[in-house]
Amino acid sequence: QNRIALRGSSHPCEGHLEVYNNNTWGLVGNHRWNSKNGEVVCKSLECGHHMKSGVFGNKYKKDASVSHFWLDEINCTGTEDNLWDCASNGWGITTCQSHNYISVICSESSTLKSTLSLNLDGMSDECAGVVQFSTPRGIVSVCDQKWDDTKANKVCQELGCGELQKTLTPSIFNQTGSLYSVSLNCFGNEDFLWQCVDWVSAKEQTCLEEVRIICSNHSSVRLHGGTDVCEGTLQKFSNESRWANVSCQEFDHGMLNSTCAKLKCGSAVSVKPCNESKNTWLTCSDRVKVELRGSEKAVTKCYGEIYVSVDGSHNAVCNNGTISYAKVGEVVCRELECGTPLSVVLGSVVNQGQISHVECHGQENSLWECKRQHGTVDKCQTISVICSGSLEMRLSNSQDKCAGQLELKSQGIWQSVSSADWSDQNSNMVCQHLDCGELVKNQYTFVESNFNLMQWKLTCGSSNILNCAMESKKYDFGSLNLVKITCSGFKLLFLQGDSPCEGRVNSTAGYLQNITNKMANGVCSRNRCGKGIAVLNIDNSNMSSTVCHNGTTSSSNCSMKNMTKLPDPQTDYVKCSEKSSKKVWLQNDCYGKVLVCSGETCGVCAKTWTKEQSTMLCKNLGCGQAISQEWRGQKTHGVTVASVHCSQNPENFNQCNFIELEDHSLCTEAAYVACTGSVKVDLQDPRDKCAGNIRLFYSGAYLPLCDKSIATPTQDFICKTLGCGGAVDSGFSMAIDSSSNREGLTTITCQDVNSNISSCDFSKTEVKKCQVGHLKCKDWRRLLLINPNSDCEGAVYIQNQSDHYAISSDGWHSQEGTALCKYLECGQFINSSGTPQVNSRFWSSSYTCTGNPKSIWECEKERSHEGDNQLSISCMDKPQLTFNKIKDNNCTGEVRLKNEPLCYKSQKTDHVFHELCQQMGCSMFFKAWPTTYKGKARYLSCTGKESKLWQCNSWMNECTDGGVLLACTKAFKLNFSSTCGGELQVNYRGKLEFVHPLENKKDADRICNEQKCGNASSYKTEIIKNKAQIDIKIDCEKEQNYLWHCVKSDPRESTKIAVIYCDKYISPVVIRKPHPGLIVGIVVGFVLLLVAASVVFWKRKAFLAILNFKFSDENPDVEVSENEMQSLKEKDVFKTEDYDNVVTSKNLMEDNQSDVNASEHDEENRRTSKDSSGTEYDDVNEEYVQPEDGSPAEPSLPPRPDNVL
């Protein structure tokens, strides 16, 4: 880049002329030099007008290294921008003498005192500010492009301001309003920074930011100790990096206004006269105050958005250009005496702000001491700070300030704190802040406030709040706990005297003295002793006193190493309004709501009640161990105690403090406890005695017992406990109505040594989803009817493990009959009678009902009967049985009782299904299979003696196994895949199914005879491609009279099926559906044949015409018909035969194609079937055709006449 400079003087607009070209400075020769040339030089250097130029000898000092001449014989017109644009000999073409170089003096050399300056908000003598040049046309600022510390140092040195101290953030000082900005491009040997500017092209440049620097000779001042930052002792920041007072004797009073202006404090109002301190006390006109404002823009204490109030005008501090928010927050919190910043973030957006580009180092005493820019900023986003002084904290929901749930007041709002991200260091900080010592680990539980969660993460580097920081973070309640803290300063208080409600006040730290009435009330309240009615100071000098530091109330419970003699005989003695403390008990002896007073409203908060307290309560009540499982019974509201805090290793609740619940909205759910002493067991079944699904009353509710959860000794124990003898072998199994999604109990262990179920071992018992268990004891029995003609009337029997017995009618009346009809689910009792019985043994017990028994078993008495009359009963109900047929098959369908589906999982039902088939005229029961139904269904559990479905034990429950579809033996229909032969098929449930291969020809003959097809000529086993589920087997091994009795159920997967060919078997012929390509070929061929026939026809017609012409009257010996084809037809030259009708035999199953080698059949059948290549799963549609013995006659043409060509 080419450039010119004037060197050797004290001003950049005067000196000898040098030109920079090809990286070298050179001189300009004097030949033909004129004033126009000088004009171009001054103009291109922004130095005003040409004053004088020529050879001035040694007037201007020249560097000896610059001796080369670049230009000579220059001739400018005065309009050129640069000297090299003028006419000349060209670069380096000169013959100049070394002393004949040109010097130039421009007008600005005399009018401008200093071309370079630093503008500090209008002041140019502060060695700090915006870097500027003064030009003839105005101020030009320096752009920050290509700026570096070398140039900045040169600025400071050129201005006599020392060295560079700092290059400031752009816009840290106000914009100067310069004409334009220039960039500095220095080559290294410039005398002035002015010479680093290409002044010609600089006017076309654009620059976003101006350079702002501070030099080492700049002095910072402040006013300190006044009512605000614009009043006080004048101080100057010294070279020793500290603030020093400015002596009034040294201070130039002419600088008063400029000092106030420099501080942005308006003008000087007054200055105090010099006194003994010799300090300068200055008061400026403006009143400036830093403030923090909240969301409503009202002034807040120690938190909010940063504002500056100037003479009552509130100006927002904008984030624009601010380097470090944290440093700004440090200064603001210190200035407002609010501690340290916990959080400094961006605030809201306001329409206008007046202060921006704030730069603080952190040590300033006021925001006003930080570098900043003043001026309107539209759409200003503020800076928001939270100082540690805004944070209030307390431990609530306790009667002691040193323990409780942590609540923080941040930004004027009390909030709860999530335990997520909370540390012990934070807790230690809280304890120290509250003057409560340090955090202790064995903290107690407390009810939780209903404040919102604080959406800040607090992190403390030490136990001092000044070392904490906050950052915004979202929390929700979810499964997280709130922070609860127990500090070492927390004390439990007990009364130690002749009763639990009076005596000396004993705490975990020793006996208390100087107790006020308020403290006495608190002690009595904590111990459930009412209110404190007296505080006496008594002489205990004759009392042998010890302090139990573990908080126990009896010296007998103190270990020797924990006992301390009281040094002071004077001790305060407290008496409470209640004589004895309220005990703690359970609502229902060994289970229920925890109560601390009479009635059901005096509960304890469930959230704070602990497992250890449950254990102690069960033990104190003599109810065994506490059940750890969740309470499952009903609950009632009513809570008066927030939490219970006990000493270490307490023996009873006299060693606990009770915290009253003052705000009942904080806890509405009371604590419930179940002890093992509340456990009860029974067997649940609608009919059976000593058998059923095992239920335990456990944790407030009955729960079933999971199968495989108890061993044989426990089974025996339960049966004996219920008076049912021992358990039968394999008597504990999965209940038939069990499903895997029911909650049940696991792992209970009982031994013979256990006196009752509550003394069993429940330590490993859990509640989980499982299959429910069913237990059958040796004394199992069931009352039943077996009348084949009626469901709800007939002789009454009882079935037990070994046999069935007749029930004596002795003692039976309407009350007993009513109980029995209800037991049988047969509605109202009609009547009962006695019938002589000589064939059956009688049951040893009799039945007498009193009151309103829940079951007939409550009426059973160990009393022998009188007489030999068997009880017969008649009840009102006639349960409806429906049989929904499948596809017009009267012997297959769905069974329903009272229009309710039967569950397929029912038990021992085959014999009643046999009876049902017989009653429907469908012979015997064959099999049952499930429907797809899921929902409520009726389960049956039969003994084998019943004749009707309703006579079985039944109940409704959820069924996932489907309803019952039933088939009787008369439902079966046999079928062949072809006429009188092929694959053997059976249909009994609306679809054709394969049959397993036959075992003998005798069964095949019987099947052929049944189908009226003669005997079996052959039978075989066919192999199919893929395995199929085959359920049916036919085997007449007992020579049954009816073929349907030979059908057996044999479900299994197989590839083998039965195939039979009877004497009357007719083999099918396969006519394949032509391939689409063949059809197209035939059609195309037929079209071509028609075209050829048409051509032949027309040629033949033409030929006949010629013959007719030839053999007309002139040739009468030959006579030819005009229509030869017609005449041939009339003479029956063509004889045709009709094709036989196609006969199709229906094949109902085309899943597999038989590989039949029918050697027994005629050759024609073999030839016809030989061409079949299909398989049973072939996708090709086929027709089976029975051909005639002969083939159709082929049409023949008559002999052509000899005279026809």
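The values are calculated or read from the model by the stated rules, or taken from the named source; none is laboratory data. Every value quoted in this text rests on a predicted model; they were computed, and no experiment measured them. Glycine gets a Cβ as well: all are built from the backbone with ideal geometry, and neighbour counts include every protein chain shown.
Could you tell me which residue of the stretch 588-609 is modelled with the highest pLDDT, considering only residues that are surrounded by 15 or more Cβ atoms within 10 Å (Cβ to Cβ), part of a loop (DSSP other than H, G, I, E, B) and of a type in the set (V, I, T)?
Step by step, filter the stretch 588-609, then rank; the result is T608.
Return the residue satisfying two criteria in turn: it lies in the stretch 613-669 and is within 21 Å of T765 (Cβ to Cβ) and charged (D, E, K, R), and of such residues it is surrounded by the fewest Cβ atoms within 10 Å (Cβ to Cβ).
Ranking the qualifying residues of the stretch 613-669, first place goes to E630.
Hey, does the stretch 263-270 have a residue that's farther than 30 Å from N153 by Cα, in a strand (DSSP E or B) and among the aliphatic types (A, V, I, L, M)?
Among the residues of the stretch 263-270, at least one is farther than 30 Å from N153 by Cα, in a strand (DSSP E or B) and among the aliphatic types (A, V, I, L, M), which makes the answer yes.
For K945, state whether it is touching a helix residue (DSSP H, G or I) at 6+ places or on another chain (Cβ under 9 Å) and either more than 24 Å from Q684 (Cβ to Cβ) or among the acidic types (D, E) (or both). Before the answer, list the steps.
On the way: touching a helix residue (DSSP H, G or I) at 6+ places or on another chain (Cβ under 9 Å): yes; either more than 24 Å from Q684 (Cβ to Cβ) or among the acidic types (D, E) (or both): no.
Judged against the criteria, K945 is not a match.
Among the residues of the stretch 151-194, which ones are of a type in the set (V, I, T) and either modelled with pLDDT of 80 or more or outside the structural domain of M123 (by TED's automatic domain parsing) (or both)?
V155, T167, V182
What are the residues in the stretch 299-338 that are among the aliphatic types (A, V, I, L, M) and part of a loop (DSSP other than H, G, I, E, B), if any?
Within the stretch 299-338, I323, L336 meet the criteria.
Take the residues in the stretch 124-139 that are of a type in the set (S, T, Y) and free of Cβ contacts under 8 Å to residues at least 60 places away in the same chain; name whichever of them is surrounded by the fewest Cβ atoms within 10 Å (Cβ to Cβ).
Taking the stretch 124-139 first, the residues of a type in the set (S, T, Y) are 124, 134-135.
Narrowing further to those that are free of Cβ contacts under 8 Å to residues at least 60 places away in the same chain: 124, 134.
On the way: S124: 15, S134: 18.
The extreme case among them is S124.
Which pairs turn up if I take residues in the stretch 1038-1058 that are without any contact (Cβ under 8 Å) to a residue 40 or more places away in the chain and assigned to a strand (DSSP E or B) and look for partners that are surrounded by fewer than 15 Cβ atoms within 10 Å (Cβ to Cβ) and among the β-branched types (V, I, T) with beta carbon separation below 6 Å, at least 6 apart in sequence or on another chain?
Final answer for the pair search is T1055/I1023.
Can we say Y702 is over 24 Å from M519 (Cβ atoms), buried (at least 24 other Cβ atoms within 10 Å of the Cβ) and among the hydroxyl-bearing types (S, T, Y)?
Details: over 24 Å from M519 (Cβ atoms): yes; buried (at least 24 other Cβ atoms within 10 Å of the Cβ): no; among the hydroxyl-bearing types (S, T, Y): yes.
No; evaluated as a whole, the condition is false for this residue.
Between residues in the stretch 582-605 that are without any contact (Cβ under 8 Å) to a residue 24 or more places away in the chain and residues that are in a loop (DSSP other than H, G, I, E, B) and not acidic (D, E), which pairs lie under 7 Å by C-beta distance while being six or more apart or on different chains?
Close Cβ pairs satisfying both conditions: L595/C602.
Assess whether S219 counts as being more than 30 Å from K151 (Cβ to Cβ), out of contact with any helix residue (DSSP H, G or I) (no Cβ under 7 Å at 6 or more places or on another chain), small (G, A, S) and assigned to a loop (DSSP other than H, G, I, E, B). Give the steps one after another, and end with the answer.
Values: more than 30 Å from K151 (Cβ to Cβ): no; out of contact with any helix residue (DSSP H, G or I) (no Cβ under 7 Å at 6 or more places or on another chain): yes; small (G, A, S): yes; assigned to a loop (DSSP other than H, G, I, E, B): yes.
Judged against the criteria, S219 is not a match.
Check N869, N889 and return the single one that is touching a Gly at 6+ places or on another chain (Cβ under 8 Å), over 30 Å from C968 (Cα atoms) and surrounded by 12 or more Cβ atoms within 10 Å (Cβ to Cβ). Step through it out loud before you land on a result.
On the way: N889 fails: over 30 Å from C968 (Cα atoms).
Exactly one residue qualifies, and that residue is N869.
Pick from V288, V332: which is without any contact (Cβ under 8 Å) to a residue 60 or more places away in the chain, over 39 Å from the mean Cα position of the chain (by Cα) and crowded, with 19+ Cβ neighbours inside 10 Å? It would help to see each step written out before you state the result.
Working: V288 fails: without any contact (Cβ under 8 Å) to a residue 60 or more places away in the chain.
Answer to the check: V332.
Among the listed residues V523, V505, identify the single one that is β-branched (V, I, T), surrounded by 18 or more Cβ atoms within 10 Å (Cβ to Cβ), touching a Leu at 6+ places or on another chain (Cβ under 6 Å) and not in a strand (DSSP E or B).
Sole residue among the options that is β-branched (V, I, T), surrounded by 18 or more Cβ atoms within 10 Å (Cβ to Cβ), touching a Leu at 6+ places or on another chain (Cβ under 6 Å) and not in a strand (DSSP E or B): V523.
Within the stretch 811-843, how many residues are part of a loop (DSSP other than H, G, I, E, B), closer than 22 Å to D779 by Cβ and touching a Ser or Thr at 6+ places or on another chain (Cβ under 6 Å)?
Residues flagged as part of a loop (DSSP other than H, G, I, E, B), closer than 22 Å to D779 by Cβ and touching a Ser or Thr at 6+ places or on another chain (Cβ under 6 Å) within the stretch 811-843 amount to 1.
One line per residue, one yes/no per condition, for (1) in the same structural domain as K457 (by TED's automatic domain parsing); (2) modelled with pLDDT under 90; (3) closer than 23 Å to G226 by Cβ; (4) not hydroxyl-bearing (S, T, Y):
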site	(1), (2), (3), (4)
L342	no, yes, no, yes
L346	no, no, no, yes
H357	no, yes, no, yes
E364	no, yes, yes, yes
E369	no, yes, yes, yes
Q373	no, yes, no, yes
T376	no, yes, no, no
T382	no, no, no, no
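Can you give me the ranges of the strands (runs of 3 or more DSSP E) entirely in the stretch 934-1016 with at least 1 residues that are within 30 Å of A691 (Cα to Cα) and either in contact with a Phe, Trp or Tyr (Cβ under 8 Å, 6 or more places away or on another chain) or modelled with pLDDT of 95 or more (or both)? Give the derivation first.
Values: elements: 935-941, 953-959, 964-968, 973-978, 981-987, 992-994.
Because the criterion is at least 1 residues that are within 30 Å of A691 (Cα to Cα) and either in contact with a Phe, Trp or Tyr (Cβ under 8 Å, 6 or more places away or on another chain) or modelled with pLDDT of 95 or more (or both), the strands (runs of 3 or more DSSP E) in the stretch 934-1016 that meet it are 935-941, 953-959, 964-968.
Quick one: what pairs do we get from the stretch 66-92, first residue within 13 Å of N2 (Cβ to Cβ), second part of a strand (DSSP E or B) and among the small types (G, A, S), C-beta under 7 Å, 6+ apart or different chains?
Note: pairs meeting the criteria are W70/G26; L71/G29.
What are the residues in the stretch 715-758 that are among the aromatic types (F, W, Y) and under 24 Å from K908 (Cα atoms), if any?
F732
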